[in-house]
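Notes for the one structure printed next.
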Amino acid sequence: MNWMAKIQKTVWRLNMDKTKASTVICDGIILEKLSFERKPNVPDYLINSNEFNLKNFIIRNDINYSFNEAKDHLTFKYGITIKDKDDTVVIICSMVALFLQKKPGSVSLEEYSQYNAPAFVLPYIRQAISDVTLKGGLLPLILPPINVHKMVDEAKKEKDSDVPSVSNGNI
């Protein structure tokens, strides 16, 4: 394929992507709750980078969705509770994001809410947790990349069964 054909193919892809553009917009993200508790004496794995391991933490996710009657406004709440295995540190963080769909698009707001909304909010949660642990005199707890599909599916199972599911560092 010559260079002109490659450029034309690229232009065609860009035009195709324009027609698939999401019509969902974020109208705001707010920090609903941020709670940090720690005991004065903490284990080395919380302050020594050589011993730090995410497997020393228990992490619980909580996801809630609500739509208006027309299904064009979504209120999405993502909460996370993190505590270490020795109950020395407990962090609770929840964010609320408001999403709108002005006109029908390739993705409905309901479809968007399943996996895109959590992926959109997660960097804000990650930053809040990192900041609060650093300010609390610990190593900054930076959540690793998360398999959002797995996390959402596990949160749904938990809600259906009313049995809390926790992960030891595997989110």
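Quick notes on this structure:
- Karplus 3J(HN,Hα) series, Hz, for the stretch 89-95 with 6.51 cos²θ - 1.76 cosθ + 1.60 (x for Gly, Pro): 10, 9, 10, 10, 9, 9, 10
- Whole-Hz couplings from phi, Karplus 6.51/-1.76/1.60, listed for the stretch 130-146; x for Gly and Pro: 4, 5, 5, 5, 5, 5, x, x, 10, 5, x, 7, 9, 5, x, x, 10
- Spatially close lysines, pair count over the stretch 18-124: Cα under 18 Å, gap of eight or more or interchain: 12
- A Förster radius of 30 Å combined with the Cβ-Cβ distance from Ser66 to Ala119 puts the calculated FRET efficiency at roughly 0.95.
- Backbone geometry of the stretch 148-160 corresponds, through the Karplus equation with coefficients 6.51, -1.76 and 1.60 at θ = phi - 60°, to 3J(HN,Hα) couplings of 4, 4, 5, 4, 5, 4, 5, 5, 5, 4, 4, 5, 5 Hz, x marking Gly and Pro.
FYI, it's all coordinate maths here, none of it is from the lab. Computed from a prediction, not measured in an experiment: that's the story for all the values here. So basically every Cβ, Gly included, is an ideal-geometry build from the backbone, and we count neighbours across all protein chains shown.
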